[in-house]
Amino acid sequence: MDTILTLFIAFILSSILTYIIRKNRPTMDVQRLPPSPLRLPFIGNLHQIVVGEHIHETLWKLSQKYGPTMLLHFGSQPYLVISSSEMAVEVLKTHDLAMCTRPRSKTVKRMTFNYMDVAFSPYDDHWKDMRKVLVSEFLGAKRTKSFKNIMEIELEGLLRSLSMQPLNTTVNLDDTILNLVYDVVCKVSFGRSYRETSFNGKTLKEMIDETAEMLMGSIFDIFPSFAWIDELRGFNRRLDKCFNDINSFLQMVIDEHRLEPNVSKKSNAEKDLIDDCIPRLTNDEMKAILLNILNGAIDTSSTTVVWAMSEIVKNPRIMEKLQNEIRGCVGKKSKVEESDIAKMKYLKMVVKESLRLHAPTSALILRECVTHCQIGGYDILPGTKVLVNLWGIGRDPRIWKEKPNEFWPERFETLDVEYIGKHCEMIPFGGGRRACPGYNMGISTVEYTIANLLNFFDWETPMGVNKQDLDMDKVGEFIRRKNPLCLVPIKHNLQD
Ligand code: HEM
C-alpha cells in the first residue's frame, strides 16, 4: 500500500513540476519564428530556391516579400536568411558569439582533416589557435614582406611578357591573373609554384577547384536520412578521390620540406611557410591550413581583379580618370611602388565599388546558431544555419540610394563606408569573429595588380566588341564571369 501511495505522490509531484517547467520555458511555447514562405513536406522550401538561375538573386527576391530575417527549410534543415545591413549587424556584431560556429558536414569534415582548419572549424579553442597561427605565419610581417617581393617579381614578368606580344594580341585576363596569384601564393607557401605540375593526372588548380566544390556539401547535409543517395550517385567515391589526391599532394610537399638536407642552414628570411610551420603544427593541421590558404586567397583576389577590370574597361570615363591618377602618382618610374598606391584615392574607391557589386562570394560562409537568441525580434533556435546574403546587401537601394546597381566609385567621396565596419553596409569580407583574416592582403593584391596593369598598358576590347557592350554575365555562387574577360593590351609609352 505504502509503495502505491509513494508512487502516486511521485507521479503528482512530477506532473506539477513538468507543468511549471513548461509554463516558464520561453522558447517552445511562445516562439516567434521569422516569416517563411510556405514549405512543402520533405523538401521544405527547396522548390522556391532552385527556380532561378542564381540562388542569391532568388533569395534576395524572396526577402523583398518575407523580410530581411527569413526562415527557410532545405530538406529538414532550418536556414535563417539575412538580407539587410541592420540584420547583418545583429548576426555579426550583437549576437556574434551565439552565431559564430560553422555547421558540421560530412564533406567538410573530410576536406578539413576533421575540422583542423580555420574557415570551417567549429568555434572552439582549436579554431582560436589555428587562426592565430594563420595570422602570425601567413599574414604576419615576414610573410607579407615576402608576398610583396614575390608579387613584384611575378608582376614584372607578366608585364614584360605582355609587352613582348605581337600587336593586337587578345589576352584572357581571367587565366592570366589567376596564374599570377597562384604562382605568388604557392611560392610564398611552398617555396615554388606547383601550378603546372601534374599530380595523379591532375593539376593543382583542378584539385583546388574540386575541393572547393566538395566544401559546398552534399545531399546528406540537407537530407541526413538519405545518405545512401550520395553512395548511389557516386558522390562518396568522388569525395574519397578528391581527398586522396589533395592529401597526397600536400603530404608530398610537406615531406619534401622535412627531408630537405639544408633546411637547418636556411636563414630566417629564406624559410617559407611550411618550413616555419613544421615545428608548430601536426601534419593534418598543416594540410588543413594550406588548403584554407589555397582556397581562400587565390580565387577571391584574382576574381576581384577581373571584375574590377571588366567595370573599368566598360566605363572609359572611369578608366581615363583612374589612369590619370595612377600615372600621375607613379610618374616616369619603371615600377609602381607601395608608397604610390597609398596616394591613389580613386583607385581605392574603384576597388571598393568593385567589391560592393562583385564580391567574389554571394554569401558569407555558413554559420550556425549555438544558443537561442533573437534577431530582428524573432526567435532563432540552436541548430539553425545562418546564411548572410552579401550580394543583396551590397546593392540594397535603402542603403545605396544613388544608382545602387551602377558602377559609380565616386559615391565613396561622400560615403564613409569601411570594409569591415560598424554598420555592415557592405560585407565582402564578412564581420565579427569569423571575418576574413586575409582582407588586407586581398585588398593590397587587388590594388597593386590593377595599378600595374593600368600604368603600363591601355586596355581595349577585341575588334568588333564595343566597350559599353562588354558582357557582365556571371555564374555560380562563387561569382565568376561566365565568359572570360578577353582584352587587348596596348603598351603605354612612359615618356608621354
Ligand atoms: C579579395 C580577397 C578576399 C575576399 C573577398 C575574401 C572574402 C572572405 C569572406 C566573405 C569570408 C567569410 C567571412 C565570414 O564568414 O564572416 C572569408 C573568410 C576567410 N578568408 Fe577570406 N577573402 C579574401 C582574401 C583572403 C586571403 C588573402 C586569405 C589568406 C589566407 C583569406 C583567408 C580566409 C580565411 C582563413 C577565412 C575563414 C575565417 C574564419 O572562419 O575564421 N581570405 N574571406
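What follows draws every value from the coordinates through simple rules; no lab data is involved. In this text the structure is predicted, and so the values were computed from the model without any measurement. So basically every Cβ, Gly included, is an ideal-geometry build from the backbone, and we count neighbours across all protein chains shown.
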Treating the angle as unsigned and between 0 and 90°, give the value, to the nearest 10°, between the Cα long axis of helix 55-66 and the longest Cα principal axis of the chain. 50 degrees
In nm, to one decimal, how far is the residue 283 label point from the residue 206 one, both placed 7 Å along Cα→Cβ? 2.5 nm
Just check the range 145-185 against the gyration tensor rule for me: Cα atoms, a ≥ b ≥ c as the square roots of the eigenvalues, rounded for a/c under 1.5, and otherwise prolate or oblate depending on whether a/b exceeds b/c. oblate
Loop-resident chymotrypsin sites (Phe, Trp or Tyr not before Pro) in the range 199-274 with no more than 14 other Cβ atoms inside 10 Å, DSSP not H/G/I/E/B, are none
Residue-wise HN-Hα coupling along the range 426-435, computed from phi with Karplus coefficients 6.51, -1.76, 1.60 (Hz; x: Gly, Pro): 9, 9, x, 10, x, x, x, 4, 9, 4
What are the ³J(HN,Hα) values, in whole Hz, obtained from phi via the Karplus relation 6.51 cos²θ - 1.76 cosθ + 1.60 with θ = phi - 60°, for each residue of the range 482-491 in sequence order, with x given for Gly and Pro? 5, 10, x, 7, 10, 9, 10, x, 10, 4
Kindly write out, for the range 317-323 in residue order, the coupling ³J(HN,Hα) from the Karplus curve 6.51 cos²θ - 1.76 cosθ + 1.60 (θ = phi - 60°), rounded to whole Hz, with x marking Gly and Pro. 4, 5, 4, 5, 4, 5, 5
Mind listing the Cα extents of the range 79-167 along all three principal axes, in Å, largest one first? 55, 32, 29
What order do you get for 446, 133 when you list them from fewest to most C-beta neighbours inside 10 Å? 133, 446
Under 20 Å from the Cα of residue 241 - lysines, other chains or at least 8 residues apart: 106, 109, 202, 205, 287
If amide H atoms are modeled at 1.01 Å from N in the peptide plane, then the residues at a separation of 5 or more from residue 460, or on another chain, having amide H under 5 Å from its own are 488, 490
Set 333/401; 403/474; 345/401 screened for pairs whose C-alpha atoms are more than 29 Å apart: 333/401
What does the C-alpha gyration tensor say about the overall shape of the range 240-338? Classify as rounded when a/c is under 1.5, otherwise prolate if a/b is larger than b/c, or oblate. oblate
Per residue and in cubic angstrom, what volume does the convex hull of the Cα atoms of the range 142-269 have? 176 Å³
By average Cβ neighbour count within 10 Å, what is the ranking of 378-387, 274-283 from highest down? 378-387, 274-283
Per-residue Cβ neighbour rank within 10 angstrom, fewest leading, 95, 492: 492, 95
Estimated [θ] at 222 nm from DSSP helical runs (n ≥ 4, -39500 (n - 2.57)) normalised by residues in the chain, nearest 500: -15500 deg cm²/dmol
Please report Rg (one decimal) and Dmax (integer) in Å for the Cα set of the chain. 25.7, 110
Output the 0 to 90 degree angle, nearest 10, between the alpha-carbon long axis of helix 2-24 and the longest principal axis computed from the alpha carbons of the chain. 40 degrees
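Given the pairs 314/482; 321/467; 187/422, which span a C-alpha to C-alpha distance of over 27 angstrom in this model? Provide the component values of the computation, followed by the final result.
On the way: 314/482 16 Å; 321/467 16 Å; 187/422 36 Å.
Result: 187/422 exceed 27 Å.
Run the numbers for residue 241 and residue 458: contour at 0.36 nm per residue of separation, minus the present Cα-Cα distance, in nm.
Working: separation 217, 0.36 × 217 = 78.12 nm, distance 4.44 nm.
That pair, residue 241 and residue 458, stretches by 73.7 nm at full extension.
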Residues with amide H under 5 Å from that of residue 218, placed H, sequence gap 5 or more: 107
Rounded to the nearest 5, the percent of DSSP beta bridges in the chain running antiparallel is 85 percent
Measure off 7 Å from each Cα along the Cα-to-Cβ vector at residue 255 and residue 225, then give the distance between these two points in nanometres to one decimal. 4.5 nm
Ranked from highest to lowest mean number of other Cβ atoms within 10 Å per residue, what is the order of the peptides 357-366, 477-486? 357-366, 477-486
Relative to the longest principal Cα axis of the chain, at what angle does helix 141-163 sit, 0 to 90 degrees, rounded to 10? 50 degrees
Aspartates and glutamates near residue 65 by alpha-carbon distance under 15 Å, same-chain residues fewer than 8 away left out - which ones? 57, 396
Using the Cα centre of the chain as origin and beta-carbon charges of +1 (Lys, Arg) and -1 (Asp, Glu), tell me which of 297, 76, 281 is placed farthest towards the positive end of the dipole. 76
Once you charge only the Cβ atoms, +1 for Lys and Arg and -1 for Asp and Glu, what is the size of the charge dipole of the chain about its Cα centre, to the nearest 20 debye? 620 debye
Quick query: amide H of residue 386 versus all other amide H atoms, modeled in the peptide plane; which residues come in under 5 Å with a sequence gap of 5 or more or a different chain? 80, 367, 368, 369
